[in-house]
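All remarks here apply to the structure that follows.
The values are calculated or read from the model by the stated rules, or taken from the named source; none is laboratory data. Being a predicted model, the structure only gives us computed values, none of them experimental. Cβ sites come from the backbone with ideal geometry, for glycine too, and all protein chains shown count toward neighbours.
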Amino acid sequence: MMRCLALFLFFQWAVPARVSAEPGQKRASEDPVVQEALDRLDNESLSESSRLTAAKDLKRLDRSRDKEAAVASVVDFFEDHRRERNSNPSKRDAEYAADRVELMEILGALAADTASRAAGESRRAPAEVSECLNALIGALQDKDEPWAARRKAAEMLAQFAGTAPAAALADTRRVLEVASTQIGEVVDNELTAKSWLSSHHPDRSIVEGHRGALKSVLTALGPLTPPAQAP
């Protein structure tokens, strides 16, 4: 009897009341408004534009909503949207580019909202935050992405670094270091190398500004340290 009681108390202490899904693993949302949008987003029988509208609806919801559950579905759709374009490039370039820019904004907003909600509940930034940031980094590296979307990915990464709660920045420090490096590679290896993009080209200065903003945040955070242990 005492052994059972001891085990029960141990698990009450050791297992947090709220458990984030593993990266890429979907779960239901505690929030019925979020879940309704998720059901539409996950419904592959709907048109691409309808599913994109569902993702936009998630972005527009107040950041106090339970958006953690939305991340896996949005990242899945983000990849599906890219694959569909590669297999069926009939959509006009400008329309596709606009959709990709919108998706970068949605990923950035999800990362920021999820980090803010976790900080408000005195929790560490869940894995879903890094999942959004890593999707943005992947888009930034992908030369098949429209340039406007890659530039927007860099902007969203810098914006997260500039506005996220301090605890979330500490929890995602390693991901932000990668983001800073990748933005730097785009500036140094692509924007510098192309003769039609001189050092005075607006895009170079814009992306260089995003790199500078990220580096400033990382410098302010101090030396890279191992992730803090959860209480």
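Observations on the model:
- The stretch 53-80, residues that are buried (at least 19 other Cβ atoms within 10 Å of the Cβ) and assigned to a helix (DSSP H, G or I): A54, A55, L58, K59, A70, V71, A72, S73, V74, V75, F77, F78
- Residues of the stretch 136-165 that turn out to be under 20 Å from V74 (Cα atoms) and among the aromatic types (F, W, Y), as a count: 1
- Any hit, the stretch 155-167, residues being touching a Ser or Thr at 6+ places or on another chain (Cβ under 7 Å) and at pLDDT 95 or above: no
- Whenever a residue of the stretch 113-135 is without any contact (Cβ under 8 Å) to a residue 60 or more places away in the chain and among the β-branched types (V, I, T), its partners that are in a loop (DSSP other than H, G, I, E, B) and buried (at least 22 other Cβ atoms within 10 Å of the Cβ), lying with C-beta atoms within less than 9 angstrom and at least six residues away or across chains, give the pairs T114/K67; T114/E68; T114/A125; V129/E68; V129/A164; V129/T172.
Condition check ((1) of a type in the set (A, V, I, L, M); (2) over 18 Å from G162 (Cα atoms)) across all residues:
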{"site": "H81", "(1), (2)": "no, yes"}
{"site": "R85", "(1), (2)": "no, yes"}
{"site": "A94", "(1), (2)": "yes, yes"}
{"site": "E105", "(1), (2)": "no, no"}
{"site": "D113", "(1), (2)": "no, no"}
{"site": "A119", "(1), (2)": "yes, no"}
{"site": "L133", "(1), (2)": "yes, no"}
{"site": "D144", "(1), (2)": "no, yes"}
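- Sub-7 Å Cβ pairs linking a first residue in the stretch 196-219 that is more than 16 Å from V178 (Cα to Cα) and at pLDDT below 80 to a second residue that is in a helix (DSSP H, G or I) and not hydrophobic (A, V, I, L, M, F, W, C), at least 6 apart or interchain, are L197/D203; L197/R204, ordered by first then second residue.
- Which listed residue is touching a Phe, Trp or Tyr at 6+ places or on another chain (Cβ under 6 Å) and of a type outside the set (S, T, Y), from A111, A118, A158, A149: A111
- Scope the stretch 50-69; condition out of contact with any Gly (no Cβ under 9 Å at 6 or more places or on another chain), at pLDDT below 90 and small (G, A, S); matching residues: A69
Residue by residue, here is whether (1) within 23 Å of V207 (Cβ to Cβ); (2) of a type outside the set (S, T, Y) holds:
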{"site": "S45", "(1), (2)": "no, no"}
{"site": "R63", "(1), (2)": "no, yes"}
{"site": "E102", "(1), (2)": "yes, yes"}
{"site": "A111", "(1), (2)": "yes, yes"}
{"site": "T114", "(1), (2)": "no, no"}
{"site": "A125", "(1), (2)": "no, yes"}
{"site": "L133", "(1), (2)": "yes, yes"}
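- Pick from the stretch 27-49, criterion farther than 22 Å from R83 by Cα and among the polar types (S, T, N, Q), ranking: modelled with the highest pLDDT: Q35
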